[in-house]
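Notes follow the structure.
The values are calculated or read from the model by the stated rules, or taken from the named source; none is laboratory data. Because the structure is predicted, anything quoted here is derived from the model rather than measured. Glycine gets a Cβ as well: all are built from the backbone with ideal geometry, and neighbour counts include every protein chain shown.
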Amino acid sequence: MQEKKISLQPEYINAVKKYTEAYGVAHARAPRAFVQTFGCQQNEADSERLAGLAKSMGYELTDTPESAQLIIVNTCAVREHAEKKTLSVIGQYKHIKAEDPELIIAVCGCMVGQEHRRNELKMRYPYVDFTFPPASPQMLPKLLSERLAGGRRVFVPGEERPPICEDIPVHRESKHRAWVSVMYGCNNFCTYCIVPYVRGRERSRAPEDIIAEVRGLAEAGVRDITLLGQNVNSYGKNTDFDCDFSTLLRRVSEVDGDFRLRFMTSHPKDATFALIDAIAECDKVAKHLHLPVQSGSDRILERMNRHYSVESYMEKLDYLRARVPDAAVTSDIIVGFPGETEEDFLATLDILRRARYDRIFSFIYSPRRGTPAAEMEDQIAGEVKSERFARLIELQNEITLEKNRELVGKTFRVLCDGVSRTNEKYLEGRTEHDRIVIFEGEGIAIGDTVELEITKADTFNLFGKILEK
Ligand code: SAH
Ligand code: SF4
Ligand code: F3S
(Lines give C-alpha, C1' and ligand atoms only; values in the text may rest on other atoms or scores of the structure.)
(Ligands and ions follow the chains in the order given, each with its own letter.)
Protein backbone atom coordinates (compact mmCIF):
# COMPACT_ATOMS: atom_id res chain seq x y z
CA MET A 1 0.00 0.00 0.00
CA GLN A 2 1.22 3.48 -0.82
CA GLU A 3 0.46 6.02 1.92
CA LYS A 4 -1.61 9.03 0.94
CA LYS A 5 0.71 11.95 0.31
CA ILE A 6 -0.34 15.57 0.42
CA SER A 7 1.46 18.84 -0.27
CA LEU A 8 1.40 22.10 1.60
CA GLN A 9 -1.35 24.46 0.51
CA PRO A 10 0.31 27.75 -0.50
CA GLU A 11 -2.94 29.74 -0.36
CA TYR A 12 -3.00 29.43 3.46
CA ILE A 13 0.69 30.23 3.83
CA ASN A 14 0.18 33.31 1.68
CA ALA A 15 -2.85 34.36 3.72
CA VAL A 16 -0.79 34.26 6.93
CA LYS A 17 2.05 36.08 5.18
CA LYS A 18 -0.31 38.96 4.44
CA TYR A 19 -1.00 39.21 8.17
CA THR A 20 2.69 38.99 9.18
CA GLU A 21 3.65 41.62 6.58
CA ALA A 22 0.96 44.00 7.84
CA TYR A 23 2.13 43.35 11.40
CA GLY A 24 5.70 44.15 10.28
CA VAL A 25 4.62 47.48 8.81
CA ALA A 26 2.64 48.45 11.92
CA HIS A 27 5.30 47.39 14.47
CA ALA A 28 8.53 47.85 12.49
CA ARG A 29 9.42 44.21 13.15
CA ALA A 30 8.16 40.76 12.24
CA PRO A 31 5.76 38.99 14.62
CA ARG A 32 7.35 36.26 16.71
CA ALA A 33 6.52 32.58 17.19
CA PHE A 34 7.36 30.51 20.25
CA VAL A 35 7.31 26.72 19.80
CA GLN A 36 7.37 24.75 23.03
CA THR A 37 8.02 21.02 23.02
CA PHE A 38 7.16 18.31 25.53
CA GLY A 39 7.69 14.59 25.04
CA CYS A 40 9.91 12.44 22.89
CA GLN A 41 12.18 12.84 19.88
CA GLN A 42 9.20 12.42 17.57
CA ASN A 43 7.73 15.58 19.04
CA GLU A 44 11.06 17.38 18.78
CA ALA A 45 11.16 16.43 15.11
CA ASP A 46 7.58 17.66 14.63
CA SER A 47 8.39 20.93 16.40
CA GLU A 48 11.24 21.59 13.98
CA ARG A 49 8.65 21.37 11.21
CA LEU A 50 6.26 23.67 13.05
CA ALA A 51 9.06 26.20 13.53
CA GLY A 52 9.97 25.85 9.83
CA LEU A 53 6.35 26.50 8.88
CA ALA A 54 6.13 29.52 11.18
CA LYS A 55 9.25 30.99 9.57
CA SER A 56 7.92 30.34 6.08
CA MET A 57 4.80 32.31 7.02
CA GLY A 58 6.83 35.35 8.09
CA TYR A 59 7.32 34.80 11.83
CA GLU A 60 10.65 35.17 13.60
CA LEU A 61 11.34 32.51 16.23
CA THR A 62 11.67 33.50 19.89
CA ASP A 63 12.59 31.72 23.13
CA THR A 64 10.22 33.69 25.31
CA PRO A 65 6.45 33.20 25.25
CA GLU A 66 5.92 36.77 26.57
CA SER A 67 7.35 38.25 23.38
CA ALA A 68 5.40 35.98 21.00
CA GLN A 69 2.40 36.71 18.77
CA LEU A 70 2.02 32.97 18.12
CA ILE A 71 2.54 30.28 20.76
CA ILE A 72 2.49 26.64 19.68
CA VAL A 73 2.53 24.05 22.49
CA ASN A 74 3.49 20.58 21.25
CA THR A 75 2.26 18.23 23.97
CA CYS A 76 2.92 14.70 25.26
CA ALA A 77 0.44 12.27 26.83
CA VAL A 78 2.62 9.31 27.70
CA ARG A 79 2.25 9.71 31.47
CA GLU A 80 -0.04 11.74 33.69
CA HIS A 81 2.82 13.89 34.90
CA ALA A 82 3.55 15.06 31.33
CA GLU A 83 -0.05 16.12 30.83
CA LYS A 84 -0.35 17.88 34.19
CA LYS A 85 2.80 19.87 33.52
CA THR A 86 1.66 20.87 30.05
CA LEU A 87 -1.78 21.96 31.24
CA SER A 88 -0.23 24.11 33.92
CA VAL A 89 2.08 25.75 31.37
CA ILE A 90 -0.86 26.44 29.04
CA GLY A 91 -2.71 27.88 32.04
CA GLN A 92 0.04 30.44 32.53
CA TYR A 93 -0.40 31.71 28.98
CA LYS A 94 -3.77 33.12 29.98
CA HIS A 95 -1.96 36.14 31.40
CA ILE A 96 0.02 36.74 28.23
CA LYS A 97 -3.16 36.64 26.18
CA ALA A 98 -4.80 39.08 28.60
CA GLU A 99 -1.98 41.56 27.83
CA ASP A 100 -2.09 40.93 24.09
CA PRO A 101 -5.50 39.84 22.74
CA GLU A 102 -3.97 39.42 19.27
CA LEU A 103 -1.82 36.54 20.52
CA ILE A 104 -2.72 33.16 18.99
CA ILE A 105 -2.29 30.07 21.18
CA ALA A 106 -2.25 26.73 19.34
CA VAL A 107 -1.91 23.33 21.00
CA CYS A 108 -0.87 20.20 19.12
CA GLY A 109 0.79 16.87 19.85
CA CYS A 110 -0.31 13.69 21.60
CA MET A 111 -2.33 15.22 24.44
CA VAL A 112 -4.83 16.78 22.04
CA GLY A 113 -5.14 13.51 20.15
CA GLN A 114 -7.49 12.58 23.02
CA GLU A 115 -11.08 13.72 22.87
CA HIS A 116 -11.40 14.43 26.59
CA ARG A 117 -8.37 16.74 26.51
CA ARG A 118 -9.69 18.61 23.48
CA ASN A 119 -12.98 19.11 25.29
CA GLU A 120 -11.17 20.25 28.41
CA LEU A 121 -9.17 22.85 26.46
CA LYS A 122 -12.29 23.99 24.63
CA MET A 123 -14.34 24.47 27.81
CA ARG A 124 -11.78 25.47 30.42
CA TYR A 125 -9.04 27.22 28.43
CA PRO A 126 -10.96 29.81 26.38
CA TYR A 127 -7.71 31.55 25.41
CA VAL A 128 -6.58 28.48 23.40
CA ASP A 129 -7.41 29.32 19.77
CA PHE A 130 -7.17 25.90 18.11
CA THR A 131 -5.71 22.42 18.42
CA PHE A 132 -4.53 19.97 15.77
CA PRO A 133 -3.51 16.34 16.14
CA PRO A 134 0.01 14.90 16.26
CA ALA A 135 1.43 13.83 12.89
CA SER A 136 -0.37 16.69 11.12
CA PRO A 137 1.87 19.77 11.35
CA GLN A 138 0.78 20.71 7.82
CA MET A 139 -2.58 21.76 9.29
CA LEU A 140 -1.00 24.80 10.96
CA PRO A 141 -1.21 27.31 8.04
CA LYS A 142 -4.90 26.63 7.34
CA LEU A 143 -6.00 26.77 10.97
CA LEU A 144 -3.89 29.83 11.67
CA SER A 145 -5.06 31.78 8.62
CA GLU A 146 -8.70 31.02 9.38
CA ARG A 147 -8.37 32.07 12.99
CA LEU A 148 -6.48 35.26 12.07
CA ALA A 149 -9.34 36.05 9.69
CA GLY A 150 -11.77 35.92 12.61
CA GLY A 151 -12.85 32.27 12.31
CA ARG A 152 -14.14 30.35 15.32
CA ARG A 153 -12.03 28.22 17.64
CA VAL A 154 -11.51 24.67 16.29
CA PHE A 155 -10.37 21.44 17.95
CA VAL A 156 -9.42 19.01 15.21
CA PRO A 157 -9.57 15.27 16.03
CA GLY A 158 -6.91 12.86 14.73
CA GLU A 159 -7.31 10.45 11.85
CA GLU A 160 -6.63 6.73 11.67
CA ARG A 161 -4.14 7.21 8.80
CA PRO A 162 -3.06 10.83 8.57
CA PRO A 163 -1.51 11.56 5.16
CA ILE A 164 2.25 12.08 4.84
CA CYS A 165 3.35 15.59 3.86
CA GLU A 166 6.93 15.65 2.51
CA ASP A 167 7.38 19.32 1.67
CA ILE A 168 7.16 20.94 5.11
CA PRO A 169 10.12 23.30 5.69
CA VAL A 170 12.27 22.30 8.68
CA HIS A 171 13.98 24.64 11.09
CA ARG A 172 16.65 22.41 12.64
CA GLU A 173 17.70 23.22 16.18
CA SER A 174 21.19 21.84 15.74
CA LYS A 175 23.60 22.13 12.84
CA HIS A 176 25.39 18.89 13.64
CA ARG A 177 22.64 16.55 14.87
CA ALA A 178 19.35 15.82 13.12
CA TRP A 179 16.23 13.68 13.38
CA VAL A 180 14.78 11.92 10.35
CA SER A 181 11.40 10.23 10.78
CA VAL A 182 11.17 7.03 8.80
CA MET A 183 7.69 6.09 9.90
CA TYR A 184 4.81 7.47 11.88
CA GLY A 185 2.23 5.92 14.20
CA CYS A 186 2.13 2.55 15.92
CA ASN A 187 0.14 -0.69 15.55
CA ASN A 188 1.28 -2.45 18.68
CA PHE A 189 -1.21 -1.41 21.31
CA CYS A 190 0.91 -2.27 24.32
CA THR A 191 -1.82 -2.27 26.97
CA TYR A 192 -0.33 0.62 28.98
CA CYS A 193 0.38 2.95 26.08
CA ILE A 194 -1.59 5.88 24.66
CA VAL A 195 0.57 6.41 21.56
CA PRO A 196 -1.36 4.20 19.06
CA TYR A 197 -4.60 5.97 20.00
CA VAL A 198 -3.24 9.43 19.35
CA ARG A 199 -0.77 8.90 16.52
CA GLY A 200 -2.78 6.51 14.35
CA ARG A 201 -1.64 3.43 12.45
CA GLU A 202 1.87 2.76 11.15
CA ARG A 203 2.78 4.64 8.00
CA SER A 204 6.21 4.36 6.36
CA ARG A 205 7.86 7.07 4.31
CA ALA A 206 9.19 6.00 0.93
CA PRO A 207 12.89 4.97 1.07
CA GLU A 208 13.77 7.51 -1.67
CA ASP A 209 12.32 10.37 0.41
CA ILE A 210 14.30 9.28 3.49
CA ILE A 211 17.53 8.86 1.54
CA ALA A 212 17.08 12.25 -0.14
CA GLU A 213 16.62 13.90 3.27
CA VAL A 214 19.71 12.17 4.70
CA ARG A 215 21.75 13.12 1.63
CA GLY A 216 20.75 16.77 2.10
CA LEU A 217 21.74 16.64 5.77
CA ALA A 218 25.08 14.98 5.05
CA GLU A 219 25.83 17.60 2.40
CA ALA A 220 25.00 20.33 4.92
CA GLY A 221 27.63 18.88 7.28
CA VAL A 222 25.35 17.16 9.82
CA ARG A 223 27.45 14.64 11.76
CA ASP A 224 24.89 12.62 13.69
CA ILE A 225 21.57 11.48 12.23
CA THR A 226 18.87 9.57 14.12
CA LEU A 227 16.21 7.66 12.21
CA LEU A 228 12.97 7.86 14.16
CA GLY A 229 9.84 5.77 14.53
CA GLN A 230 7.80 4.34 17.40
CA ASN A 231 8.86 0.91 16.20
CA VAL A 232 11.40 1.27 13.41
CA ASN A 233 11.50 -2.49 12.83
CA SER A 234 7.98 -2.34 11.42
CA TYR A 235 9.34 -0.08 8.69
CA GLY A 236 8.14 -1.07 5.23
CA LYS A 237 5.50 -3.57 6.40
CA ASN A 238 2.31 -3.47 4.32
CA THR A 239 3.84 -1.18 1.72
CA ASP A 240 4.49 -1.71 -1.96
CA PHE A 241 8.20 -0.92 -1.66
CA ASP A 242 10.35 -3.90 -0.88
CA CYS A 243 12.54 -2.54 1.91
CA ASP A 244 12.56 -3.61 5.54
CA PHE A 245 14.33 -1.63 8.24
CA SER A 246 17.66 -3.45 8.13
CA THR A 247 17.76 -2.87 4.35
CA LEU A 248 16.87 0.79 4.83
CA LEU A 249 19.64 1.14 7.42
CA ARG A 250 22.15 -0.31 4.97
CA ARG A 251 20.94 1.93 2.15
CA VAL A 252 21.05 5.07 4.31
CA SER A 253 24.52 4.19 5.60
CA GLU A 254 25.73 4.13 1.98
CA VAL A 255 24.94 7.84 1.58
CA ASP A 256 28.22 9.76 1.16
CA GLY A 257 29.38 11.90 4.06
CA ASP A 258 31.02 11.86 7.45
CA PHE A 259 28.07 11.11 9.71
CA ARG A 260 27.04 8.63 12.35
CA LEU A 261 23.70 6.90 12.00
CA ARG A 262 21.39 6.07 14.92
CA PHE A 263 17.85 4.80 15.14
CA MET A 264 15.08 4.40 17.67
CA THR A 265 12.95 2.69 18.86
CA SER A 266 13.27 -1.06 18.26
CA HIS A 267 10.48 -3.23 19.59
CA PRO A 268 12.08 -6.49 20.77
CA LYS A 269 9.47 -8.62 19.01
CA ASP A 270 10.40 -7.11 15.63
CA ALA A 271 14.14 -6.55 16.07
CA THR A 272 15.74 -9.05 13.68
CA PHE A 273 19.10 -10.78 13.46
CA ALA A 274 19.41 -9.02 10.10
CA LEU A 275 19.19 -5.71 11.97
CA ILE A 276 21.97 -6.78 14.32
CA ASP A 277 24.05 -7.85 11.30
CA ALA A 278 23.54 -4.38 9.81
CA ILE A 279 24.73 -2.76 13.07
CA ALA A 280 27.79 -5.02 13.03
CA GLU A 281 28.63 -4.50 9.36
CA CYS A 282 27.87 -0.84 8.60
CA ASP A 283 30.63 1.50 9.70
CA LYS A 284 28.38 4.51 9.97
CA VAL A 285 25.81 2.80 12.20
CA ALA A 286 26.43 3.56 15.89
CA LYS A 287 27.14 0.51 18.00
CA HIS A 288 24.19 1.16 20.26
CA LEU A 289 20.83 -0.55 20.50
CA HIS A 290 17.91 0.82 22.49
CA LEU A 291 15.82 -2.30 23.10
CA PRO A 292 13.12 -1.58 25.69
CA VAL A 293 12.29 -4.73 27.66
CA GLN A 294 9.67 -3.02 29.94
CA SER A 295 9.55 -5.95 32.41
CA GLY A 296 11.55 -9.07 33.25
CA SER A 297 8.47 -11.18 33.96
CA ASP A 298 6.88 -13.19 31.14
CA ARG A 299 3.52 -12.97 32.88
CA ILE A 300 3.65 -9.16 32.92
CA LEU A 301 5.00 -9.01 29.36
CA GLU A 302 1.96 -10.96 28.27
CA ARG A 303 -0.38 -8.62 30.12
CA MET A 304 1.44 -5.74 28.47
CA ASN A 305 0.74 -7.33 25.04
CA ARG A 306 4.43 -7.24 24.17
CA HIS A 307 4.63 -10.53 22.22
CA TYR A 308 8.08 -11.69 23.38
CA SER A 309 9.45 -13.64 26.31
CA VAL A 310 12.46 -12.90 28.46
CA GLU A 311 14.29 -15.80 26.78
CA SER A 312 13.59 -14.66 23.21
CA TYR A 313 14.65 -11.14 24.22
CA MET A 314 17.91 -12.42 25.73
CA GLU A 315 18.59 -14.48 22.61
CA LYS A 316 18.64 -11.29 20.53
CA LEU A 317 20.80 -9.53 23.08
CA ASP A 318 23.25 -12.45 23.17
CA TYR A 319 23.49 -12.38 19.37
CA LEU A 320 24.20 -8.63 19.49
CA ARG A 321 26.91 -9.11 22.12
CA ALA A 322 28.49 -11.89 20.07
CA ARG A 323 28.48 -9.84 16.86
CA VAL A 324 29.28 -6.45 18.39
CA PRO A 325 31.10 -7.08 21.69
CA ASP A 326 31.44 -3.41 22.61
CA ALA A 327 27.81 -2.49 21.75
CA ALA A 328 25.98 -0.30 24.22
CA VAL A 329 22.49 -1.46 25.13
CA THR A 330 19.82 0.67 26.77
CA SER A 331 16.26 -0.10 27.79
CA ASP A 332 12.99 1.28 29.11
CA ILE A 333 11.47 -0.28 32.23
CA ILE A 334 8.01 0.21 33.73
CA VAL A 335 7.50 -0.62 37.41
CA GLY A 336 4.13 -1.10 39.05
CA PHE A 337 2.22 -2.33 36.02
CA PRO A 338 -1.19 -3.66 37.20
CA GLY A 339 -0.85 -7.09 38.81
CA GLU A 340 2.95 -6.85 39.21
CA THR A 341 3.86 -8.98 42.24
CA GLU A 342 7.08 -8.80 44.24
CA GLU A 343 8.16 -11.90 42.33
CA ASP A 344 7.52 -10.22 38.97
CA PHE A 345 9.45 -7.21 40.12
CA LEU A 346 12.38 -9.39 41.27
CA ALA A 347 12.38 -10.86 37.74
CA THR A 348 12.80 -7.31 36.40
CA LEU A 349 15.77 -6.76 38.73
CA ASP A 350 17.10 -10.05 37.45
CA ILE A 351 16.97 -9.02 33.80
CA LEU A 352 18.88 -5.86 34.70
CA ARG A 353 21.64 -8.09 36.07
CA ARG A 354 21.57 -10.37 33.03
CA ALA A 355 21.37 -7.68 30.37
CA ARG A 356 23.79 -5.30 32.14
CA TYR A 357 22.36 -2.26 30.39
CA ASP A 358 24.54 0.78 30.02
CA ARG A 359 21.59 2.88 30.97
CA ILE A 360 17.85 2.51 31.53
CA PHE A 361 14.96 4.91 31.30
CA SER A 362 12.66 3.88 34.12
CA PHE A 363 9.05 4.84 34.63
CA ILE A 364 6.40 4.37 37.25
CA TYR A 365 3.31 2.97 35.56
CA SER A 366 0.78 5.74 34.91
CA PRO A 367 -2.79 4.72 33.97
CA ARG A 368 -3.83 6.26 30.63
CA ARG A 369 -7.52 6.75 30.00
CA GLY A 370 -8.85 4.49 27.25
CA THR A 371 -6.01 1.94 27.42
CA PRO A 372 -6.71 -1.66 28.56
CA ALA A 373 -4.24 -1.55 31.47
CA ALA A 374 -6.02 1.42 33.03
CA GLU A 375 -9.12 -0.81 33.32
CA MET A 376 -7.28 -3.73 34.95
CA GLU A 377 -8.48 -4.33 38.48
CA ASP A 378 -5.23 -5.07 40.28
CA GLN A 379 -3.67 -1.58 40.15
CA ILE A 380 -0.59 -1.25 42.36
CA ALA A 381 -0.59 1.15 45.30
CA GLY A 382 1.44 4.33 44.91
CA GLU A 383 3.84 3.58 47.77
CA VAL A 384 4.60 0.08 46.43
CA LYS A 385 5.35 1.57 43.00
CA SER A 386 7.67 4.22 44.48
CA GLU A 387 9.49 1.71 46.66
CA ARG A 388 10.10 -0.62 43.67
CA PHE A 389 11.16 2.30 41.53
CA ALA A 390 13.81 3.28 44.10
CA ARG A 391 15.15 -0.29 44.25
CA LEU A 392 15.27 -0.47 40.47
CA ILE A 393 17.29 2.74 40.23
CA GLU A 394 19.64 1.64 43.00
CA LEU A 395 20.51 -1.60 41.20
CA GLN A 396 20.91 0.08 37.80
CA ASN A 397 23.15 2.74 39.33
CA GLU A 398 25.47 0.01 40.62
CA ILE A 399 25.57 -1.61 37.18
CA THR A 400 26.11 1.71 35.38
CA LEU A 401 28.96 2.58 37.76
CA GLU A 402 30.64 -0.79 37.16
CA LYS A 403 30.24 -0.42 33.41
CA ASN A 404 31.45 3.18 33.43
CA ARG A 405 34.56 2.21 35.41
CA GLU A 406 35.40 -0.41 32.79
CA LEU A 407 35.67 2.45 30.29
CA VAL A 408 38.51 4.25 32.12
CA GLY A 409 41.63 4.18 29.94
CA LYS A 410 39.67 3.56 26.74
CA THR A 411 39.53 6.09 23.91
CA PHE A 412 36.48 7.30 22.03
CA ARG A 413 35.65 9.73 19.27
CA VAL A 414 33.28 12.28 20.74
CA LEU A 415 31.04 14.77 18.92
CA CYS A 416 31.04 18.01 20.92
CA ASP A 417 27.57 19.28 21.90
CA GLY A 418 28.73 22.43 23.73
CA VAL A 419 29.04 23.52 27.34
CA SER A 420 28.49 20.71 29.85
CA ARG A 421 25.10 20.67 31.52
CA THR A 422 26.64 19.43 34.79
CA ASN A 423 29.61 21.81 34.98
CA GLU A 424 29.78 24.88 32.81
CA LYS A 425 33.57 25.07 33.04
CA TYR A 426 33.70 22.02 30.76
CA LEU A 427 32.39 20.87 27.42
CA GLU A 428 30.41 17.71 26.77
CA GLY A 429 29.82 15.43 23.85
CA ARG A 430 28.62 11.95 23.02
CA THR A 431 30.35 8.80 21.89
CA GLU A 432 28.86 6.58 19.23
CA HIS A 433 27.45 4.52 22.11
CA ASP A 434 25.49 7.60 23.13
CA ARG A 435 27.50 7.99 26.32
CA ILE A 436 28.01 11.54 27.49
CA VAL A 437 31.62 12.51 28.20
CA ILE A 438 32.68 15.73 29.95
CA PHE A 439 36.02 17.23 28.98
CA GLU A 440 38.21 20.30 29.04
CA GLY A 441 38.55 21.65 25.55
CA GLU A 442 39.80 25.09 24.76
CA GLY A 443 39.21 26.03 21.14
CA ILE A 444 36.83 23.12 20.52
CA ALA A 445 33.58 24.20 18.88
CA ILE A 446 30.11 22.67 18.87
CA GLY A 447 30.01 20.05 16.13
CA ASP A 448 33.78 19.28 16.29
CA THR A 449 34.82 15.68 16.75
CA VAL A 450 37.61 14.96 19.24
CA GLU A 451 39.45 11.84 20.32
CA LEU A 452 39.20 11.45 24.10
CA GLU A 453 40.68 9.11 26.66
CA ILE A 454 38.36 8.37 29.58
CA THR A 455 40.20 9.39 32.74
CA LYS A 456 37.52 9.13 35.41
CA ALA A 457 34.04 7.67 35.79
CA ASP A 458 31.23 7.91 38.30
CA THR A 459 27.62 6.75 38.10
CA PHE A 460 26.36 9.69 36.13
CA ASN A 461 29.41 11.05 34.32
CA LEU A 462 32.42 10.07 32.29
CA PHE A 463 35.36 12.47 32.20
CA GLY A 464 37.86 12.53 29.36
CA LYS A 465 41.01 14.24 28.16
CA ILE A 466 41.68 15.19 24.58
CA LEU A 467 44.19 13.06 22.70
CA GLU A 468 43.76 14.75 19.35
CA LYS A 469 41.32 16.93 17.54
N1 SAH B 1 7.57 3.38 20.88
C2 SAH B 1 8.56 3.45 21.86
C3 SAH B 1 8.37 4.54 22.88
C4 SAH B 1 7.09 4.56 23.62
S5 SAH B 1 6.93 5.72 24.90
C6 SAH B 1 8.72 2.08 22.44
O7 SAH B 1 7.91 1.21 22.19
O8 SAH B 1 9.69 1.85 23.10
C9 SAH B 1 8.47 5.56 25.79
C10 SAH B 1 8.40 4.73 27.01
O11 SAH B 1 7.46 5.26 27.93
C12 SAH B 1 7.95 3.30 26.81
O13 SAH B 1 8.96 2.48 26.34
C14 SAH B 1 7.49 2.92 28.20
O15 SAH B 1 8.55 2.41 28.96
C16 SAH B 1 7.05 4.24 28.79
N17 SAH B 1 5.58 4.30 28.94
C18 SAH B 1 4.66 4.29 27.96
N19 SAH B 1 3.40 4.36 28.49
C20 SAH B 1 3.56 4.42 29.83
C21 SAH B 1 2.66 4.50 30.93
N22 SAH B 1 1.35 4.50 30.76
N23 SAH B 1 3.19 4.56 32.18
C24 SAH B 1 4.53 4.55 32.37
N25 SAH B 1 5.41 4.47 31.38
C26 SAH B 1 4.95 4.40 30.12
FE1 SF4 C 1 3.53 2.44 22.80
FE2 SF4 C 1 4.09 -0.12 22.48
FE3 SF4 C 1 3.69 1.43 20.35
FE4 SF4 C 1 5.88 1.76 21.82
S5 SF4 C 1 5.37 -0.09 20.65
S6 SF4 C 1 4.54 3.37 21.06
S7 SF4 C 1 5.16 1.32 23.89
S8 SF4 C 1 2.17 0.87 21.88
FE1 F3S D 1 6.11 10.95 22.21
FE2 F3S D 1 4.71 11.60 24.32
FE3 F3S D 1 3.52 11.29 22.03
S4 F3S D 1 6.37 10.19 24.28
S5 F3S D 1 4.71 9.80 20.93
S6 F3S D 1 5.05 12.83 22.54
S7 F3S D 1 2.75 10.64 23.98
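Considered as a group, the residues in the range 1-21 that are farther than 27 Å from G150 by Cα and not aliphatic (A, V, I, L, M) include one that is nearest to ligand 2 (Cβ to nearest atom), and that residue is E3.
Among the residues of the range 88-110, those that are more than 16 Å from ligand 2 (Cβ to nearest atom) and either hydrophobic (A, V, I, L, M, F, W, C) or on the phi > 0 side of the Ramachandran plot (or both) comprise V89, I90, I96, A98, L103, I104, I105, A106, V107, C108. Screening the candidates R223, R161, R215 for the property of being modelled with pLDDT under 95 and either farther than 30 Å from Q69 by Cβ or touching a Pro at 6+ places or on another chain (Cβ under 7 Å) (or both) yields one hit, R161. Restricting attention to the range 407-428, the residues being buried (at least 17 other Cβ atoms within 10 Å of the Cβ) and charged (D, E, K, R) number 2.
Between I436, I446, I393, the distinction of being surrounded by fewer than 18 Cβ atoms within 10 Å (Cβ to Cβ), out of contact with any helix residue (DSSP H, G or I) (no Cβ under 7 Å at 6 or more places or on another chain) and in contact (Cβ under 8 Å) with a residue 60 or more places away in the chain belongs to I446 only.
Restricting the range 270-289 to residues that are in contact (Cβ under 8 Å) with a residue 40 or more places away in the chain and over 20 Å from the mean Cα position of the chain (by Cα), the residue that is farthest from ligand 2 (Cβ to nearest atom) is A280. None of E120, E146, E102 is assigned to a loop (DSSP other than H, G, I, E, B) and surrounded by fewer than 18 Cβ atoms within 10 Å (Cβ to Cβ) except E102. For beta carbons closer than 7 Å, sequence separation of 6+ or different chains, a first residue in the range 349-374 that is farther than 15 Å from N397 by Cα and near ligand 1 (Cβ under 8 Å from one of its atoms) and a second that is acidic (D, E) and assigned to a helix (DSSP H, G or I), the qualifying pairs are S366/E80.
For Y59, the conditions (1) more than 29 Å from R369 (Cβ to Cβ); (2) out of contact with any Ser or Thr (no Cβ under 9 Å at 6 or more places or on another chain) all hold with the exception of (2). Counting the residues of the range 375-417 that are more than 30 Å from K284 (Cα to Cα), away from ligand 1 (no atom under 12 Å from the Cβ) and basic (K, R) gives 2.
If you go through the range 197-207 one residue at a time, do you hit one that is within 11 Å of ligand 2 (Cβ to nearest atom) and not charged (D, E, K, R)? Yes - at least one qualifying residue is present in the range 197-207. Against the numbered list (1) in contact (Cβ under 8 Å) with a residue 24 or more places away in the chain; (2) on the phi > 0 side of the Ramachandran plot, S136 comes up short only at (2).
All conditions in (1) modelled with pLDDT of 95 or more; (2) in contact with a helix residue (DSSP H, G or I) (Cβ under 8 Å, 6 or more places away or on another chain) hold for F241, with the sole exception of (1). Of the candidates E83, E3, E48, the single residue that is within 16 Å of ligand 1 (Cβ to nearest atom), under 22 Å from G200 (Cβ atoms) and among the charged types (D, E, K, R) is E83. Could you give every pair whose Cβ atoms fall below 9 Å, whose first residue belongs to the range 219-238 and is closer than 15 Å to S174 by Cβ, and whose second residue is polar (S, T, N, Q) and within 13 Å of ligand 1 (Cβ to nearest atom), counting only separations of at least 6 or pairs across chains? Short answer, once both residue conditions are applied: T226/Q41; L228/Q41; L228/Q42; L228/S181; L228/T265. Looking at Y235, is it aromatic (F, W, Y) and surrounded by fewer than 22 Cβ atoms within 10 Å (Cβ to Cβ)? No, not satisfied. In the range 169-273, counting only helices (runs of 4 or more DSSP H) that sit wholly within it, the ones holding 1 or more residues that are within 16 Å of ligand 3 (Cβ to nearest atom) span 195-199. Pairing each residue of the range 188-213 that is closer than 21 Å to P268 by Cβ with any residue that is among the aromatic types (F, W, Y), provided the two are 6+ apart or on different chains, yields C-beta distances under 7 Å for Y192/F337; Y192/Y365; P196/F189; R199/Y184; S204/Y235. None of E11, E83, E48, E3 is under 28 Å from R369 (Cα atoms) and among the charged types (D, E, K, R) except E83.
Against the criterion of being of a type in the set (V, I, T), within 24 Å of the chain's Cα centre (by Cα) and surrounded by 14 or more Cβ atoms within 10 Å (Cβ to Cβ), T431 qualifies.
Look at I96 and say whether it is at pLDDT 95 or above, farther than 30 Å from I164 by Cα and over 17 Å from the mean Cα position of the chain (by Cα). Yes.
Among the residues examined, V180 does not qualify as touching a His at 6+ places or on another chain (Cβ under 9 Å) and away from ligand 2 (no atom under 16 Å from the Cβ). Among the numbered criteria (1) over 23 Å from A206 (Cβ atoms); (2) within 14 Å of ligand 2 (Cβ to nearest atom), which single criterion is violated by S234? For S234, the failing item is (1).
Just one residue in the set G113, G24, G58 is closer than 23 Å to G151 by Cα, within 16 Å of ligand 2 (Cβ to nearest atom) and either crowded, with 21+ Cβ neighbours inside 10 Å or modelled with pLDDT of 95 or more (or both); that residue is G113.
The C-beta contact set for the range 29-42 (first residue on the phi > 0 side of the Ramachandran plot and free of Cβ contacts under 8 Å to residues at least 60 places away in the same chain, second residue within 16 Å of ligand 1 (Cβ to nearest atom) and not in a strand (DSSP E or B), distance under 7 angstrom, 6+ apart or interchain) is empty.
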